[in-house]
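All remarks here apply to the structure that follows.
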Amino acid sequence: MDRIRIVGGNPLNGVIPISGAKNAALPLMIASLLTDDTLTLENLPHLADVEQLQRILGNHGVDIAVVGRRERQDSAYARTVHFTARTIVDTTAPYELVSKMRASFWVIGPLLARMGEAKVSLPGGCAIGTRPVDLFIEGLQHLGAEITIENGYVDARAPKGLIGGRYVFPKVSVGATHVMLMAATLAKGQTVIDNAAREPEVVDLANCLIAMGAKISGAGTSTITIDGVASLSGARHRVLPDRIETGTYAMAVAMTGGDVLLENTSDTLLESALLALSRTGAEIIPEQGGIRVRRNGGDILPVDITTDPFPGFPTDLQAQFMGLMTRANGISHITETIFENRFMHVQELARLGAKISLSGQTATVTGVPVLRGAPVMATDLRASVSLVIAGLAAEGETVVNRVYHLDRGFERLEEKLTNCGAVVERISG
């Protein structure tokens, strides 16, 4: 199993290109099930989760053509991929596929809307929480779906098609908003989704669906209105920049010091996180085509944050910000409101010398003057990169084990950091 070795102490200087957003790419790929024409996605990141979803879509009959391998690169990136679901050969998403990636459950919306049926395995729990699918099921039922759950599968049927309706989410859910948005595009009549997720990835999906012929208004607000159409066509769409990758590298620069231009991204995607980061003493300078992040000397100041749905502080940056706060000059408080079990990185940061105490959903971080390298274990995607950030600033050598988590969400991480002066290498086996 691969590991990542980091020798800390070097500031980061240079340019880091930001990849397409994983959290946008996955629903966009699933949207290809809604049409028998070709959906072309540009700027698709080369990630383990993307590769896994390609296998899942192939199981349903989607033909996938990948172009864009760059010269002298070991792996393709910033790729253009063509998805053609001319014929759906199977409306069942089996456990052995869904269990490997929760987002694959989202195929239930497009399959039900287009084919009138879908049988999808329940995804079960995950490392950071249970994330139940009740909101997905209730939402689809409001569109007229008949749903039963038996033997670990959700069996959804709408033999006469889905019918538009109004659904108020009892709590904000990005995944359930994606599913309702896709399903409603082919429903008869108008659908109104209240308390919808407002994340940029939802807006990106809506923009792609509009390019395919959907009639959608209000994406990016808490109320989305969809007027169903008889069919959707193909389209060409560019995946938006990854705001979580943007924030992660910004926090790495704040942690190590230095001056880095984060290229091909925008500060409008994560204003609350960048505001919190600027309060730590880092300079955040929006530039044409990117964001410059600098910290040259001076203490890291303690900042309290609470995770919230967009436009609040993203839960997917909570672990990285905690890594930064371990070196702050003072005490900070980090409260997690989205997932009930997202502090598993705390014990691993403690192995590097961090001082963190937990009380319910709040972590109290007392900054220390020095972190020291040690072997650590990645527990989930975002936790794993928080250990990388801490390792970049720690004295000596840090080895991060179980880096397959990193491969799920960060494209060419070692290359991007090494190009900015970090000592980072992958150890195979």
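Where residues in region 119-131 are under 21 Å from Asp90 (Cα atoms), assigned to a strand (DSSP E or B) and not charged (D, E, K, R), which of them is modelled with the lowest pLDDT?
Our first condition is that a residue be under 21 Å from Asp90 (Cα atoms); within region 119-131, this holds for 119-123.
Of the ones still in play, those that are also assigned to a strand (DSSP E or B) are 119-121.
Cutting the leftovers down to not charged (D, E, K, R) gives us 120-121.
On the way: Val120: 95, Ser121: 92.
Among residues in region 119-131 that are under 21 Å from Asp90 (Cα atoms), assigned to a strand (DSSP E or B) and not charged (D, E, K, R), the one modelled with the lowest pLDDT is Ser121.
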**Study point:** Single unsatisfied condition, Asp227 versus (1) surrounded by fewer than 19 Cβ atoms within 10 Å (Cβ to Cβ); (2) in the same structural domain as Ala422 (by TED's automatic domain parsing); (3) charged (D, E, K, R)
**Key:** (2)
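Working only within region 162-173, note down all residues that are in contact with a helix residue (DSSP H, G or I) (Cβ under 8 Å, 6 or more places away or on another chain) and surrounded by fewer than 18 Cβ atoms within 10 Å (Cβ to Cβ).
Hits for region 162-173 are Pro170, Lys171.
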Check your understanding: Looking at Leu26, Leu57, Leu33, Leu39, which is the one that is assigned to a strand (DSSP E or B), under 30 Å from Phe136 (Cα atoms) and not β-branched (Val, Ile, Thr)?
Key -> Leu39
Revision key, fill the gap. Screening Asp134, Asp194 for residues that are of a type in the set (Asp, Glu), at pLDDT below 95 and surrounded by fewer than 17 Cβ atoms within 10 Å (Cβ to Cβ) leaves only Asp134
Study note, to complete from the structure: Contact list, first residue from region 416-429 and under 13 Å from Val388 (Cβ atoms), second anywhere and of a type in the set (Asp, Glu), beta-carbon distance below 6 Å, six or more apart or interchain, is Val424/Glu414; Arg426/Asp2; Arg426/Glu414
Check your understanding: Residue check: is Thr337 in a strand (DSSP E or B), within 30 Å of Glu199 (Cα to Cα) and in the same structural domain as Thr280 (by TED's automatic domain parsing)?
Key -> no
**Study point:** Residue tally, condition polar (S, T, N, Q) and outside any loop (DSSP other than H, G, I, E, B), over region 75-118
**Key:** 4
Practice item. Determine if region 273-280 includes at least one residue that is surrounded by 24 or more Cβ atoms within 10 Å (Cβ to Cβ) and either out of contact with any Lys or Arg (no Cβ under 9 Å at 6 or more places or on another chain) or modelled with pLDDT under 95 (or both). Key: yes
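Looking for whichever is assigned to a helix (DSSP H, G or I), in the same structural domain as Pro110 (by TED's automatic domain parsing) and in contact with a helix residue (DSSP H, G or I) (Cβ under 9 Å, 6 or more places away or on another chain) here; the options are Ala196, Ala206. Which one fits?
Exactly one residue qualifies, and that residue is Ala206.
Please verify whether Leu387 is assigned to a helix (DSSP H, G or I) and within 17 Å of Pro11 (Cα to Cα), treating the condition exactly as stated.
Taking the combined requirement at face value, the residue satisfies it.
Report whether or not Thr364 is modelled with pLDDT of 95 or more, in a strand (DSSP E or B) and touching a Gly at 6+ places or on another chain (Cβ under 6 Å).
Criteria not met by Thr364.
The values are calculated or read from the model by the stated rules, or taken from the named source; none is laboratory data. The structure presented is a predicted model; accordingly, all values stated were derived computationally and were not measured. We place every Cβ from the backbone using ideal geometry, glycine too, and count neighbours over all the protein chains shown.
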